[in-house]
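The values are calculated or read from the model by the stated rules, or taken from the named source; none is laboratory data. If you're wondering where the values come from, they're calculated on a predicted model, not measured in any experiment. All Cβ positions, even for glycine, are placed from backbone atoms using ideal geometry, and neighbour counts span all protein chains on display.
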Amino acid sequence: MQPPREGERSGGRGSTALVLLGFSTLVTQTVFLREIPAVYTSNELTIGCTLAVWMTLTGAGSALERKAHPRNPHRCIPFLLLALGVLPPLLLAVLFTTRNVIAAPGTSPGLLTILLTAGVLLAPFCLLAGYLFPLLASFLNESKRTSGAGRAYAWESAGGAAGVAIFTVFLAGVISGYQILLLTGCVLLTVSVFLYPRDVVPLWARVIAIIAGTAFLFVAFCIDIDRFLRRPLFPGQELVLVRDTPYGVLASTIFSGQRALFVDGLLYAVPDDPAGDEETVHYALAQVRRPREVLVVGSNLPGVVREAVKHGVRRVDCVEINPAIPPLTVVDGKGVFSQGMHIHIADPRRFVRENAHRYDAVLVNLPEPTTAALNRMFTREFFSDIHGRLRDGGVLSVPVLDGVDYLGEDTRAYVSSVAAALRASFRNVLIVPGNRIFLIASDAELHYEIPALLEEAGVETVFVNRAYFDPALARERADDIASSLRREEPPNADFRPTAYYRTLRAWMSSIGLPLWAPLVVFLPLPAILFRRNAVPRICMGAAGFAGAVFQVTVILTFQAILGSLHRDLGVLFAAFMVGLAVGAALRTSVARKTGPRLAATFATGAVFVAAAPWVFEAIRSGTQPAVSFALILMLSVVMGVIVARIFALIVREFSGAGETEDVSGIYAADLAGAATGAFIGTVYIVPLLGMMSACYVTSGVLAAAGVLALACGLRGTGTRG
Amino acid sequence: MSGHLPAMNKREFLRFCAAGVGYAFLRDMTKASPFPVNAGSREEFDWKWKKEALFYRKSARGVKCLKCPNFCDLADGETGKCRNRENHGGTLYSIAYGNPCAVHVDPIEKKPLFHFLPATRAFSIAAAGCNLRCLNCQNWQISQFSPRETRNEELFPDDVVREARQEKCASIAYTYSEPTSFYEYTLDTAVAARRKGIRNILKSNGTINEEPLRRLASVLDAANIDLKTFDAAVYKKLSEGFLSTVLRTLEVLKSVGVWLEITYLVIPTWTDDFEKIRSMCSWLVAKGLADCPLHFTRFMPLYKLNRLPPTPVGSLERARKIAFEAGVRYVYVGNVPGHEAENTYCHACGKKIVERRGFTIVSMRIEKGKCAFCSAPIPGVWS
Ligand code: SF4
Ligand SMILES: [Zn+2]
């Protein structure tokens, strides 16, 4: 592939087009990474798989450019950019409307369905985006000190950082994912037609693009497009409201007069669930003599408050992270506010740490920790903070599971890890098997005679009473569960999220697959890495891999400590992208040998990553969230710089030099490594080894790649296909 | 580069890895497959909890199981769809014999059985495996696994009976997963229980062929059968089940005098078609099943069917009304604590004759099987 030299103007256009490409790609990726899991099954595994599919397809598109380089690239690029703008909103519409054709209504399908759907759905966009990168890069002029591809990487990253910053930081929660795609499409349509001269983009094409862009704007802001398109996701129900919040897509529905609130398609609350509310409150409060103040973590507020006041509780503090939820669940607000309810919109972890108030009981009212975001409400560290907020004899109630008659292996391990986390701070832990299974923890003695205790306290109930709860049978069941728990299971911890790992495994076994099955997606990747130029590609793949694992580790650490990942994910991505842009833009001297320089960069990376755990510890023990946030961003930026430096060094050696030029192959290897790293990091390395060890593994990968670069050099060593 | 493997070796290595991973992947995939699956290499079949299966015959492939309408045709080493029957050298074995994974004592009302020995306890057991694939299975961790994969106790039929007596249970319930799948274990335990005067209760999906059903029914006292829908196509989609077989099961159980109650789970958008519910109730009445208590129970999002709302109470009440209109005499609403439809009202005089709260009886106005108000006989087994 010879870069056509058309002078400065085409180079300028090329860089603008690359910014557009980065912008559109990152925005679309962010939206689809949220929407595909939300439409099918929302957990880190499906997010990881979607990301892997994304990167693989983009890598494939990039590799395709090598095979099918257009004869007149400058003529077709504007049209490809137009397609890049039009495709995302169309594909998102297809995602929603085909939902019930691909999987039965109301079901969460298995991983294979999700993988296949993501593959087919994302293919047009990702292949196109991947194809465009080396094509546009070929327009950038080589200079003495920087390679065209290196600068292309910088422009693309800058565009990505800008896109993510604008849409997921400033506009998050203001406009929906669908509107974001339409707006991005509109920008692409208008900018790309005016970027190129008349002889390339004729008048008729400009007119059509402008009309289409205007139509996008109209659809985005004059029609309730979200509610219209998302209807199939809530079969049979009247979709009253959809709100795209930084913490997931909220949907409020009415079905035969019954209201329900869904978050990312999963039932979050039913306002009228007396049995559930009674379980949340009474198993715990029955254990406390005259409780006065209670803290509730999570939702379904009115019911829980109504039950709590039956004990004479005077104040109920409810802490909820998502500001959009309380207005939807507190339907008869006045009543409960007058009963002493206070809603705090805050991260529960921080609320508990920073609020000096003491409580008689803390009631966790959340779903199982199937995500990293939920896992942090079930860790040893959180339980320890709660312990510090409880009065003498105070209790903590944690629901762990829907009531079942048998616990499978992973479920047992998950319950064991949460029980161990509780035992680290509390003297007693009681298993209460109801409709849901609860763990009640306290330093005081705990009892199974819950109905008698409630009767004594004069609390009347419809469900938690003698009619349903036989203390002798409950004790028998609890003993059964207790005897099946695994003593060797480590406590669930912030930096060692075993509960989340085990719930993921349980979910995989529910769909009949072992946890390692998704690795099959990565089988084609070695083929991309090994076919030609093996050493540089392996080096780039390793850098992509390490960058992604480290980024995942940083993200999950951020989530464990600060907990505002949904809101701030964009900032973290943007920080990494800024690092990439800076690293790629730095000048590269050609005078010195690439191999040793590359090895040195790898070594720097290895040392940096190995040192990161100290930063994590400093962040954890720090009291200033702003400082913690800044440190985490710094980690992301530095890692971005290192990965981009490696890319720049490798392509510097391999571009513009006839047959050895391999920008697309190296770019594909980077993406392939990143895809593998993002997935393996999220699903295996971090949950299984914990954050600290994940850093050491990543450091090892970088060090090994450095040794490879040093030992073999980049040239004349790989197998040429 | 000195340290590199020759290209050919690398390719071979990759092919080897791909083949290995692919093979293992496919093998694991088949765990969820609706087709007979391979039990793996079992040169030595040294499974302690095995018993030669009843109801099978030799086939060209190996053996053909005749116990349920799946009619699995199994080659040597293969396992049936229910995951607990295996062909070893041309003999079909149940591998769920004496190894239950769930053993609990439950109030009989929890099954639910409302007209059978009220306020007694049932010694409840389950072994792993099920012949259906319900999207909303509550106990999927038992039903969708083989006894080889679950954590089991050892409790042979006589042990079950002994423990049931120790726990002062009036009955043994075969429940939680699918007792007709661990058929031989259910049958032998039921025979042993009969001998000791303990009653036998079957909580089943009713997906069993007529001959094995009749044999089992000869030692059963009561059954609660899940009738999942009255639409054959929905039955297939929801559970991979067979409506006609379940309907036949209801008829057979009634005809041989087993006390029968029916559970119908009302799942929003799946099984809440009120016209179908009306046809189902009319069918029950036409087949002489009007006296069989019918429980409409509330659905909660579960397992794979987790993106739906719970059943609105109004839907359950409407279904109950439809059933009464069709002529079903005893219709209950389940899973809604404190609902008045937990009580029993005399079909003749309409008075409340059993007041229930959850699994307990608050008051009972049935004397010698008759309504205390109007003396109408109340169908059921009351003592
Ligand atoms: S009982 Fe099991 S093996 Fe026999 S036909 Fe049914 S599913 Fe197949
Ligand atoms: Zn009467």
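Is it the case that B:Glu178 is crowded, with 24+ Cβ neighbours inside 10 Å and either out of contact with any Pro (no Cβ under 8 Å at 6 or more places or on another chain) or at pLDDT below 95 (or both)?
The answer is yes for B:Glu178.
Among A:Asp264, A:Asp317, A:Asp273, A:Asp347, which is the only one that is within 12 Å of chain B (Cβ to nearest Cβ) and at pLDDT 85 or above?
A:Asp264
Given the structure, is B:Asn343 among the polar types (S, T, N, Q) and out of contact with any Lys or Arg (no Cβ under 6 Å at 6 or more places or on another chain)?
no
Looking at the stretch B:77-110, which of its residues are touching a residue at least 60 places away in the same chain (Cβ under 8 Å) and either hydroxyl-bearing (Ser, Thr, Tyr) or on the phi > 0 side of the Ramachandran plot (or both)?
Within the stretch B:77-110, B:Thr79, B:Arg83, B:Ser94, B:Tyr97, B:Gly98 qualify.
Yes/no matrix, rows are residues, columns are (1) over 29 Å from A:Pro274 (Cβ atoms); (2) in the same structural domain as B:Pro107 (by TED's automatic domain parsing); (3) away from ligand 2 (no atom under 12 Å from the Cβ):
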site: B:His347; (1), (2), (3): yes, no, no
site: B:Arg356; (1), (2), (3): no, no, yes
site: B:Thr360; (1), (2), (3): no, no, yes
site: B:Lys370; (1), (2), (3): yes, no, no
site: B:Ser383; (1), (2), (3): yes, no, yes
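Taking the conditions exactly as written (within 24 Å of the chain's Cα centre (by Cα), assigned to a loop (DSSP other than H, G, I, E, B) and of a type outside the set (Phe, Trp, Tyr)), does A:Thr113 satisfy them or not?
no
Search the stretch B:175-199 for residues being touching a strand residue (DSSP E or B) at 6+ places or on another chain (Cβ under 6 Å) and not in a loop (DSSP other than H, G, I, E, B), and hand back the single one that is farthest from ligand 2 (Cβ to nearest atom).
B:Glu184
Of everything in the stretch B:55-65, what is surrounded by 15 or more Cβ atoms within 10 Å (Cβ to Cβ) and more than 7 Å from ligand 1 (Cβ to nearest atom)? Give them in sequence order.
Hits for the stretch B:55-65 are B:Phe55, B:Tyr56, B:Ser59, B:Gly62, B:Val63, B:Lys64.
Please go through the stretch B:141-182 and give me each residue that is out of contact with any Ser or Thr (no Cβ under 6 Å at 6 or more places or on another chain), under 22 Å from B:Ile95 (Cα atoms) and within 11 Å of another protein chain (Cβ to nearest Cβ), ordered by number.
Result: B:Gln141, B:Gln144, B:Phe145, B:Glu149, B:Thr150, B:Arg151, B:Asn152, B:Glu153, B:Tyr176.
Out of the residues in the stretch B:89-106 that are within 16 Å of ligand 1 (Cβ to nearest atom) and farther than 19 Å from B:Asn152 by Cα, state the one that is farthest from the chain's Cα centre (by Cα).
Among them, the one singled out is B:Gly90.
Would you check which residues across the stretch A:447-462 are within 11 Å of chain B (Cβ to nearest Cβ) and either buried (at least 21 other Cβ atoms within 10 Å of the Cβ) or in a helix (DSSP H, G or I) (or both) and list them?
A:Pro451, A:Thr461
Give the residue, chosen from B:Glu86, B:Glu109, that is more than 16 Å from ligand 2 (Cβ to nearest atom), of a type in the set (D, E, K, R) and under 25 Å from B:Asn152 (Cβ atoms).
B:Glu86 is the lone residue from the list that is more than 16 Å from ligand 2 (Cβ to nearest atom), of a type in the set (D, E, K, R) and under 25 Å from B:Asn152 (Cβ atoms).
Suppose we filter the stretch B:83-102 for residues that are away from every other protein chain (no Cβ under 14 Å), part of a loop (DSSP other than H, G, I, E, B) and not small (Gly, Ala, Ser); how many remain?
Qualifying residue count for the region: 3.
State yes or no: is B:Ser143 within 16 Å of ligand 1 (Cβ to nearest atom) and hydroxyl-bearing (Ser, Thr, Tyr)?
yes
Among B:Glu86, B:Glu78, B:Glu52, which is buried (at least 24 other Cβ atoms within 10 Å of the Cβ), of a type in the set (D, E, K, R) and within 16 Å of ligand 1 (Cβ to nearest atom)?
B:Glu86
Among the candidates B:Gly380, B:Gly350, B:Gly338, which residue alone is on the phi > 0 side of the Ramachandran plot, more than 16 Å from ligand 1 (Cβ to nearest atom) and within 14 Å of another protein chain (Cβ to nearest Cβ)?
That would be B:Gly338, the only listed residue that is on the phi > 0 side of the Ramachandran plot, more than 16 Å from ligand 1 (Cβ to nearest atom) and within 14 Å of another protein chain (Cβ to nearest Cβ).
Please report, ordered by residue number, the helices (runs of 4 or more DSSP H) entirely within the stretch A:116-233 with at least 3 residues that are closer than 17 Å to A:Pro89 by Cβ.
A:177-195, A:203-222, A:225-230
Please work out which one of (1) modelled with pLDDT of 85 or more; (2) surrounded by 18 or more Cβ atoms within 10 Å (Cβ to Cβ); (3) part of a helix (DSSP H, G or I) is the condition A:Gly303 fails and give its number.
With respect to (1) modelled with pLDDT of 85 or more; (2) surrounded by 18 or more Cβ atoms within 10 Å (Cβ to Cβ); (3) part of a helix (DSSP H, G or I), A:Gly303 is out only on (1).
If you take the residues in the stretch A:359-371 that are of a type in the set (A, V, I, L, M, F, W, C) and buried (at least 24 other Cβ atoms within 10 Å of the Cβ), which one is farthest from A:Cys318 (Cα to Cα)?
This residue is A:Ala361.
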